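Have a look at the structure below before the remarks.
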Amino acid sequence: AALPGPAPADWVQAPLEPAVRAVLVGFDEHFSYAKLCQALRYLLRGGSECLLVGTNRDHRLPLEGGAGIPGTGCLVKAVETAAQREAFIVGKPNRFMFDCVAQEFPVDPARTIMVGDRLDTDILMGNSCGLTTLLTLTGVTALDEVRGHQDSGCPTRHSLVPDYYVDSIADLLPALGQ
Amino acid sequence: GAGLREVLGPAQGLLFDCDGVLWAGERAVPGAPELLERLRRSGKAALFVSNNSRRSVAELERRFSRLGFRGVRAEHVFSSALCSALFLRQRLLGGGGNGSGAGRVFVLGGEGLRGEVRDAGLRLAGEGEPAPGEPVRAVLVGYDDQFTFAKLAQACGYLRDPQCLLVATDPDPWHPLSDGQRTPGTGSLTAAVETASGRKALVVGKPNTYMFDCIVERFGVDPSRTLMVGDRLETDILFGKNCGLATILTLTGVSRLEEAQAYMASDSAAAKDLVPNYYVDSIADLIPGLDE
């Protein structure tokens, strides 16, 4: 809807939709202060009756050449900070998405491998759900990061360590039949 | 009466937060202009320290006048916009000199903030042709009601250079509007930039003490004879504690008395720093503590 004026003092006069019961923060390349303002209004109006949900907490989406763009996690943090409350995060490492998969397909965790490039999302979720975890090095993670977690004395960091790793998922081909 | 005189009598000066203390929106707190007048007649200094990074101190001087406060000049007003500009001048220019070779500043904020940065002798990214070898040396996050994903991405691009500073005007998560609603504060925008860049911002505003350093440098204030008056426990009262000032909470703004009581009852040492020494319903209640 069009904003009723140029400043936040105008925007907060616009009527709120009565039926809104949740604020969902996803990747939004059109994120703006006005939207943040609106999200805050719904969360304050609803209190505990209005959910705050984020799709994921990724900080960055990597692009070629080492550049990246801000990830959804940044937008979630902005809303959480303004509203002074914590979002429920649907995405990895939360097990919610694995539960969605398991509901649709017959998945036996003991016979399922989670393949990912990110320790604090892919590998952590896989380990939490009892899957075998396989790290590929074609993405954001370097091997010495894994070694750091492995050598730490901290159980939380150990849950970031995959069972196996490959330089690339192409390296799996020789293990499969022709 | 008597208690107030004991507190105010020895004080050489008072530092006031502005929003929620002197005024709420476009309305002066009843009795606030009279309090400032009485302070002047008592020979006590009144200085102003605000986390609000929207306005230049020149605009604030006009605002004071428009809302009925007499005799407040721009030099008495320390806003986070001004102090952020002074901080950046110190860090990028070494406190003096002209702008060449210092690099530019990418500002997320409105015209008031941008003006203060320019007035400090710094050049803004995106303005005029950059000289060769004039990189962006600082990203300054302020209150920016035109904040967008594109600006966030641009800020992150600059912050890939570890030499580029990340500075925030203030940590406030939200600000109250006159009808009880809230508008997101600089703190929420800073959280987005920190998350995207993996960096922690240097925060100029209260409760950090840099703005007090600016005040001391200009006016030579003695903390043991100065009172801090504010409405927000997490910024004003903690700022007072951090600077060695006795603190007075006024209840015309953000914080409720119950919140101060909760901090007082808490076991945590950090919570104790958020408990004011005194509180009043409104700063007008300080008037009886001053000589006729």
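Numbers at a glance
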item: Qualifying residue in segment A:66-80 (condition: within 23 Å of residue A:95 (Cβ to Cβ), among the basic types (Lys, Arg), within 11 Å of another protein chain (Cβ to nearest Cβ) and without any contact (Cβ under 8 Å) to a residue 60 or more places away in the chain); result: yes
item: Residues (aliphatic (A, V, I, L, M), surrounded by 22 or more Cβ atoms within 10 Å (Cβ to Cβ) and out of contact with any helix residue (DSSP H, G or I) (no Cβ under 6 Å at 6 or more places or on another chain)) located in segment B:239-248; result: B:248
item: Top-ranked residue of segment A:30-53 - restricted to ones that are at the interface with chain B (Cβ under 7 Å from one of its Cβ atoms) and over 14 Å from residue B:182 (Cα atoms), ranked as most open to solvent (accessible area, probe 1.4 Å); result: A:30
item: Residue A:134 vs. criteria open to solvent by less than 50 Å² (accessible area, probe 1.4 Å) and not in a helix (DSSP H, G or I); result: yes
item: Inter-residue pairs, beta-carbon under 7 Å, first in a loop (DSSP other than H, G, I, E, B) and in segment B:264-292, second surrounded by fewer than 16 Cβ atoms within 10 Å (Cβ to Cβ), 6+ apart; result: B:275/B:264; B:282/B:31; B:290/B:42; B:291/B:42
item: Neighbours by Cβ (under 6 Å, 6+ apart or cross-chain): first from segment A:5-29, free of Cβ contacts under 8 Å to residues at least 40 places away in the same chain; second open to solvent by less than 90 Å² (accessible area, probe 1.4 Å) and polar (S, T, N, Q); result: A:8/B:183; A:12/B:181
item: Pick from segment A:100-121, criterion among the charged types (D, E, K, R) and exposed (fewer than 11 other Cβ atoms within 10 Å of the Cβ), ranking: nearest to residue A:169 (Cα to Cα); result: A:111
item: Selection within segment B:222-256 - hydrophobic (A, V, I, L, M, F, W, C) and in a helix (DSSP H, G or I); result: B:233, B:237, B:238, B:239, B:243
item: Members of segment B:20-70 that are open to solvent by less than 60 Å² (accessible area, probe 1.4 Å) and in a strand (DSSP E or B); result: B:23, B:24, B:28, B:45, B:46, B:47, B:48, B:49, B:50
item: Selected residue [in a helix (DSSP H, G or I), open to solvent by less than 10 Å² (accessible area, probe 1.4 Å), under 18 Å from residue B:187 (Cα atoms) and more than 11 Å from every other protein chain (Cβ to nearest Cβ)] from B:113, B:166, B:140; result: B:113
item: Any hit, segment B:180-199, residues being more than 8 Å from chain A (Cβ to nearest Cβ), open to solvent by 10 Å² or more (accessible area, probe 1.4 Å) and touching a Phe, Trp or Tyr at 6+ places or on another chain (Cβ under 8 Å); result: no
item: Close pairs (8 angstrom Cβ cut-off, 6 or more residues apart or separate chains): over 25 Å from residue B:41 (Cα atoms) in segment B:51-70, polar (S, T, N, Q) and in a loop (DSSP other than H, G, I, E, B) anywhere; result: B:51/B:169; B:53/B:169
item: Failed condition for residue B:261, given (1) in a helix (DSSP H, G or I); (2) open to solvent by less than 80 Å² (accessible area, probe 1.4 Å); result: (2)
item: Of all residues making up segment B:187-211, the number that are under 22 Å from residue B:32 (Cβ atoms) and not in a loop (DSSP other than H, G, I, E, B); result: 1
item: First in segment A:81-96 and modelled with pLDDT of 95 or more and open to solvent by 20 Å² or more (accessible area, probe 1.4 Å), second anywhere and part of a loop (DSSP other than H, G, I, E, B) and of a type in the set (S, T, N, Q), Cβ under 6 Å, 6 or more apart; result: A:90/A:55
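The values are calculated or read from the model by the stated rules, or taken from the named source; none is laboratory data. Fair warning: this is a prediction, and the values are worked out from it, not measured in the lab. Using ideal geometry, Cβ is built from the backbone for each residue, glycine included, and neighbour counts are taken over all protein chains shown. Ligands, DNA and RNA are stripped out before the accessible areas are found, and what is left, the full protein with its side chains, is counted by its heavy atoms. Shrake-Rupley method; radii C 1.70, N 1.55, O 1.52, S 1.80 Å.
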